[in-house]
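Read through the structure below, which is laid out as structure tokens, and then see the notes.
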Amino acid sequence: MKDHRESPFRDAHTDREAAKGAPDTPQTRSPAYALAFADDEFMCRDELRPVRLQLELLKPEMLLDEQGIESTIVMFGGARIPEPAKKDTARTKTLADLSVFYDEAREFARLMTLKSMESNGRENVIVTGGGPGVMEAGNRGAVDAGGASIGLNIVLPFEQAPNAYVTPDLCFNFHYFAIRKMHFLMRARAITVFPGGFGTLDELFEALTLIQTGRMQRVPFLLFGKAFWDGIINWDVLADAGTISAEDLDLFRFVDTAAEAMDLIDNWEPGARRDAIPGR
């Protein structure tokens, strides 16, 4: 990328390339001689963790700014949910039945991307975790509409490549789950959550807690598949027990189709950021 700074000093790129041409001596072969910012082993030291955290915050933020991305629509959901055409490969009948939400995720992303492109294509851009299942469906729907979408991948112990539908220039990879979660929500104008497992539940409750505690502004928060969510979480028991307040159940809505979700987002009444937690 071209450096537009007006500075009398040599830039880092130039010195990094110049250092590669240094004479081959015992001194230049020593790890101590390597430029600190170009030394992979040095950058991976435990003491450099604060720097790595900062870099993972900065890199996607800077590149999203350069691409003009102003706001996003978040799509969380399970990696194991197949598209309907491949539901026979699902590990369980339930997963096969949940394949309907692959199509709903794809259609929601398509409709949202079309709406985004009616303005400038920089607002309400779809962002997913960049993997398979519901995430793939979200990025795929954006491609169906001829638009861009974001993928926030994470390095896992097993092989995982970004799905083929993420816009390449908006495809990121993370080491730190915490920083990845920040990027999901920093530009969020709506959050949608499709059926999923531990990762989806983690993302659901962390985002909901941020809104519940007033750490994040209220945005449309939609859970796709009421039967699924009611089957795994007894919301009323939480409220009756007093571990959450009855008002907390108004922070989200259930939907089953992309059309329902679009209608709710279009007609969502903005709420002020909470300055107190009901029931405390």
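The values are calculated or read from the model by the stated rules, or taken from the named source; none is laboratory data. What you are looking at is a predicted structure, and each value in this text was computed from that prediction instead of being measured. Note that each Cβ is placed from the backbone with ideal geometry, even for glycine, and that neighbours are counted across all protein chains shown.
Could you list, ordered by first residue, the pairs with Cβ atoms under 9 Å in which the first is in region 245-273 and closer than 14 Å to ILE191 by Cα and the second is among the hydroxyl-bearing types (Ser, Thr, Tyr) and surrounded by 13 or more Cβ atoms within 10 Å (Cβ to Cβ), at least 6 apart or interchain?
Final answer for the pair search is VAL255/THR192; ALA261/THR192; ILE265/THR192.
Take region 115-134 and flag every residue that is touching a Leu at 6+ places or on another chain (Cβ under 8 Å) and either at positive phi or modelled with pLDDT under 95 (or both).
GLY130
Any idea which of ARG189, ARG140, ARG180 is surrounded by 19 or more Cβ atoms within 10 Å (Cβ to Cβ), within 25 Å of ARG273 (Cα to Cα) and either more than 13 Å from the chain's Cα centre (by Cα) or in contact (Cβ under 8 Å) with a residue 24 or more places away in the chain (or both)?
ARG180
Restricting to region 100-109, give me the number of residues that are farther than 16 Å from THR72 by Cβ and either surrounded by fewer than 21 Cβ atoms within 10 Å (Cβ to Cβ) or not hydroxyl-bearing (Ser, Thr, Tyr) (or both).
Matching residues across region 100-109 total 6.
Based on this model, can you work out whether PHE108 counts as closer than 23 Å to HIS175 by Cβ and at pLDDT 95 or above?
no
Filter region 1-19 for residues that are surrounded by 10 or more Cβ atoms within 10 Å (Cβ to Cβ) and free of Cβ contacts under 8 Å to residues at least 12 places away in the same chain; which is nearest to HIS175 (Cα to Cα)?
Restricting to residues being surrounded by 10 or more Cβ atoms within 10 Å (Cβ to Cβ) and free of Cβ contacts under 8 Å to residues at least 12 places away in the same chain, the top hit is HIS13.
Take the residues of region 182-230 that are polar (S, T, N, Q) and in a helix (DSSP H, G or I): which is nearest to MET75 (Cα to Cα)?
THR200
For region 244-270, give me the residue count where each residue is assigned to a loop (DSSP other than H, G, I, E, B), over 23 Å from GLU104 (Cβ atoms) and touching a helix residue (DSSP H, G or I) at 6+ places or on another chain (Cβ under 9 Å).
Adding up the residues that qualify gives 2.
One line per residue, one yes/no per condition, for (1) farther than 26 Å from TRP229 by Cα; (2) surrounded by fewer than 21 Cβ atoms within 10 Å (Cβ to Cβ); (3) under 16 Å from the mean Cα position of the chain (by Cα):
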position: THR94; (1), (2), (3): no, yes, no
position: LEU114; (1), (2), (3): yes, yes, no
position: GLU118; (1), (2), (3): yes, yes, no
position: GLU123; (1), (2), (3): yes, yes, yes
position: PRO132; (1), (2), (3): no, yes, yes
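Out of all the residues in region 215-234, which are small (Gly, Ala, Ser) and either more than 26 Å from ASP97 (Cα to Cα) or touching a residue at least 40 places away in the same chain (Cβ under 8 Å) (or both)?
Result: GLY225, single match.
Would you confirm whether any residue within region 265-272 is modelled with pLDDT under 95, out of contact with any Phe, Trp or Tyr (no Cβ under 9 Å at 6 or more places or on another chain) and of a type in the set (A, V, I, L, M)?
For region 265-272, residues modelled with pLDDT under 95, out of contact with any Phe, Trp or Tyr (no Cβ under 9 Å at 6 or more places or on another chain) and of a type in the set (A, V, I, L, M): present.
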